[in-house]
Amino acid sequence: MSMAMGDGSLTAIAFRAITLLFWVVFAIAIAAGSSAGNLSKEFPWQFRMAARMRTPILMFIVVPLSFARWVDLTIRLKLRSVFKRAEDAEATHMERVNPIIAQVRLWNEQGRPRPLRTKRANWKAMSTKLSSNKDDCNLIATSHLNFIIGSDLTSEVKTITVEPAATMGEITEYLLPLGYALEINVEMESITIGGVALGFGMEVNSHKSGFFQETVEEYELVNATGELMTVTAESDPELFYALPWSCGALGFLTKLKVRVAPIKKYVHMTYEITNSPAELCQRMTELSESAACHFLEATIFTKDQAVLQMGNFVDKPTGSEASKINGINYWFKPFYYKWLETFLTKGGGDEYIPYKHYCHRFTRSIFWEIEDMIPFANHPIYRTLWGWMGAPEVSLLKLFQGPVIRKASVYAHVVQESIMPVRDLGECIENFDEWYGVYPLLVFPLRVYNRGENSGFLTPHSRNCHGDPAKGKDGLPWGIWCDLGAYGAPRDVKEGKVWDAKGSVRAMEHWTRDKGGWQACYTDMFCTHREFRQMFNHDLMDKVRNRLGATDAFPVPFTKMKPEKGIVDLENEEAAEKKAGTFIVS
C-alpha cells in the first residue's frame, strides 16, 4: 500500500513538474514574441497580434506538425523503397502520366474553355504567394508524379531520372549511398526537382556548373494538345532552352533526366574574412572566375564584414586533422550561420564537414529566418527540447497565414534576391543596406552562358561575359553573376518605423534590370508586366508558345509570379504605361 502511494505521489510530482515546465516555456515563448510591440501602429492589429503570438504558435503547433509530416513522409518513402523497386516505378510511369494526357485532350475537345494549371495548392509551393490565381483555371493533378525512376551510373554522362514532384531531400537520400549527388544539389530539402527545373535553382558550385538548368539532359512533358514530348538540346533546342524559368508556361512536366556527379564523404571548408563590400567583391570575382574551389559562397553579417566559404571534396581526415570534423546538422549543434559568425572573431579558419550535413546546411534554420520566428531557437535549451523536431515547414508557415497577415507581412518582412554581375556585388551590398538593412545576407556566385537566341529568359549582356570561352561549355561566352539574398525584418521595422516596401523593392528591380541582372521569381515582385519583360527576355518563349499552341493553354510566367491582388498598388505606374501605349495586360 505504501509503495503504491509512493508511486502515485511520484507520478503526481512528475506531472506537476512537466506542467510547470510547459507553462514556463510557454511564458518564455510569449515574452519572446513581445518584440512585436516594436511594430508600427500602421500595421493591422491582426498582424501585430499574430506577430506577438508567433513564437508559441510555432513551437507548440507548427514545429510538432512539421515533424509529424516528416515522419509520415519518411515512413511512406521507406515502405515504397522496400515494396516497390526502381523497375516498378519506371514500368508504372505511364500509368501516372496517362490521366494527365487524357484530361488535356478532353480539355481540347471541349474547346479550351479555361487556362490549364496544376492542382497543387499554392501554400505547398516554395514562393511567398498565398493565393494561387488559379480560380479561373482548369486544374490538373500532377503531385502524384513523385517517383525516382532510376539512375545510370555506368555511362559517360551519369544521370538520374525522376518525376517532377520528387524532392531534393528524397533524391539526396537515394543518391548518397551510391556515392553520388545531383551536380547542382539545391539546399532546401522540401523543394521539388520540377520546381527548380522549370523555375530556377542554384547552389554553391553554380560558379562552375551554372544554374540547375545547365545540368538537365532531358525533359518529358505533356504539351497543350495532349502530346507527350521528350525534349533534348539536340531534338528541339528552342523548346529545351525555353523551358527553364518558364514556370509551366509551355506544358506539364512529367519526367526529367538530370546529371549527377561523384562525391566524397567530406568537404574541407576554408573560411576567409573580408572587411568591406569592395574587398568581398574583388575576392568573389577572383575566386568564382578562376573556379579555384568546388564550393563557393559568402555570408555577410554586417555591411562591411563577411565570411567567404570555400570548400572542396576530401576523404575522411586522419590524425590531428580528424579533430576538425564538424557534423553541423546534428540537432544539438548551433545553427550553421551562427557557427559561421564565430569565425569573424577568429579571423578565419577551416574544418571538415560531412557532405550530407553540408549539402542541407541551412535547412534547420531556414537559412536564418528562424531567428525572427523563434528568437531563442539557437539556445542550447531549445535545441535540446525542440531541436530534434527540426524547423517549421515553410509550406505550413504559409498555410497559417490569412490575407490580412499575408499583406502586412510584405511590408514588415523581406524576401528578396538580386542576381547581378559579380563586378557589381559591392555596389549591391551598399544598396541592400539602404533598401533593407537586413543581415545576414547570402551570396551565391553563378555562371551564366550566352547562347544567343537560345539563351532564353536569362540572356546575358556581352559586356558582363568576362569568362574565358575556352574554359566554359562548348566554347560559349560566359560570365559570373551573384545572387544576393535578403531574408528577415528590415531595419526600419525593427525600429518601429514604417518601411517603404514598394519603393525599396522597385528600386532594387530597376537597379538590377539596369545592370543586366534578374530578380528571383519566387519573391514578391513589385514590377509591371512590361518591366518584367524588360528584365527577362521572352523572345524564345513567345516563339515556342506560338509554335506549340500554348498561348491560350498556359498562363505566362508573370501571371503566376505577380503578387496577389491588393498586395501592392501599381495603379499610377500602369496608368503611365497606358498613356505611353506600352502597357501589357497580365
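Ignoring any ligand, DNA or RNA, what whole percent of the accessible area of segment 481-586 comes from carbon and sulfur when the probe is 1.4 angstrom? Each step should come with its number before you reach the end.
Numbers: 2090 of 4340 Å².
Looking at segment 481-586 in its full context, I get 48 percent from C and S.
Taking 0.36 nm per intervening residue step and subtracting the Cα-Cα distance, what contour gain separates R80 from K578 on full extension?
Numbers: separation 498, 0.36 × 498 = 179.28 nm, distance 5.52 nm.
Separation in residues times 0.36 nm, less the Cα-Cα distance, equals 173.8 nm.
Expressed in whole Å with the largest first, what are the equivalent ellipsoid semi-axes of the chain derived from the C-alpha gyration tensor as the square root of 5 times each eigenvalue?
Equivalent ellipsoid of the chain: 37, 29, 29 Å, largest first.
What spacing in nm lies between the two simple spin-label points modelled at N454 and V404, each 7 Å away from Cα in the Cβ direction?
It is 5.4 nm.
Quick one: with all protein chains in place, what share of the accessible area of segment 139-205 is carbon or sulfur, to the nearest percent (1.4 Å probe)?
Percent of accessible area from carbon and sulfur atoms in segment 139-205: 56.
Would you mind calculating the gained length between D542 and V498 on full extension (0.36 nm times residue separation, minus the Cα-Cα distance), in nm to one decimal?
11.8 nm
Using the crude model of +1 on Lys and Arg Cβ and -1 on Asp and Glu Cβ, and no other charge, please compute the dipole size for segment 49-184 relative to its Cα centre, in debye to 20.
That gives segment 49-184 a dipole magnitude of about 780 debye.
Per residue, how much accessible surface does the chain expose to a 1.4 Å probe? Answer in Å², no decimals.
For the chain, the solvent-accessible area averages 43 Å² per residue.
Below 11 angstrom from the Cβ of L239, what's the summed charge of the other residues (Lys, Arg +1; Asp, Glu -1)?
Its environment carries a net charge of +1.
Taking 0.36 nm per residue of separation and subtracting the Cα-Cα distance, what length does fully extending E321 through A102 add?
That works out to 72.9 nm of additional length.
Which percent of the accessible area of segment 263-383 is formed by carbon and sulfur heavy atoms (probe 1.4 angstrom)?
56
Roughly how big is the chain's charge dipole about its Cα centre, with Cβ charges of +1 (Lys, Arg) and -1 (Asp, Glu), in debye to the nearest 20? Intermediate results must be reported in sequence, preceding the final value.
Details: 65 positive and 68 negative charges, 309 e Å.
About 1480 debye.
Pop the C-beta distance of E42 and T154 into the FRET formula with R0 = 51 Å and round what comes out to the nearest 0.05.
E(calc), rounded to 0.05, equals 0.25.
Quick one: compute the contact order of segment 224-330, relative version, from alpha carbon pairs under 8 angstrom and 6+ residues apart, as a percent.
25
Short version: ³J(HN,Hα) in whole Hz for each residue of segment 262-279, in order, from phi by Karplus 6.51 cos²θ - 1.76 cosθ + 1.60 (θ = phi - 60°), x for Gly and Pro, what are they?
Values per residue, Gly and Pro as x: x, 10, 10, 7, 10, 10, 8, 9, 10, 10, 10, 9, 10, 10, 6, x, 5, 5 Hz.
Which one, L476, V505, V568, projects farthest toward the positive side of the charge dipole computed for segment 475-586 from Cβ point charges (K/R +1, D/E -1)?
L476
At a Förster distance of 51 Å, what's the computed FRET efficiency of I381 paired with H461, Cβ-Cβ distance as r, to 0.05? Present the calculation step by step, with values, prior to reporting the outcome.
Details: r = 52 Å, r/R0 = 1.01.
After rounding to 0.05, the efficiency reads 0.50.
Where Rh is the Kirkwood radius over the Cα pairs of segment 334-419, the temperature 37 °C and the viscosity 0.692 mPa s, what D in µm²/s does Stokes-Einstein return?
Here the translational diffusion coefficient equals 216 µm²/s.
For the chain, what does -39500 (n - 2.57) per DSSP helix run (n ≥ 4), summed and divided by total residues, give at 222 nm, in deg cm²/dmol to the nearest 500?
Computed ellipticity for the chain at 222 nm equals -11000 deg cm²/dmol.
Under 10 Å from the Cβ of G387, count the other residues' Cβ atoms, weight Lys and Arg +1, Asp and Glu -1, and hand me the total.
Its environment carries a net charge of +3.
Considering only the other residues whose Cβ falls under 12 Å of the Cβ of E289, what net charge follows from Lys and Arg at +1 and Asp and Glu at -1?
Values: positive: K208, R283, R423, R447, K471; negative: E286, D468.
Its environment carries a net charge of +3.
Using alpha carbon centroids, what distance separates segment 469-497 and segment 501-566, in Å?
Between the Cα centre of segment 469-497 and that of segment 501-566, the gap is 17 Å.
Just grab the label-to-label distance for N312 and A470, each label 7 Å out from Cα along the Cβ direction, in nm (one decimal).
Taking the simple label geometry, N312 and A470 are separated by 2.3 nm.
The values are calculated or read from the model by the stated rules, or taken from the named source; none is laboratory data. The structure presented is a predicted model; accordingly, all values stated were derived computationally and were not measured. Heads up, the Cβs are rebuilt from the backbone with ideal geometry, glycines too, and the neighbour counts pull from every protein chain shown. For accessibility, only protein heavy atoms count, side chains too; no ligands or nucleic acids. Shrake-Rupley method; radii C 1.70, N 1.55, O 1.52, S 1.80 Å.
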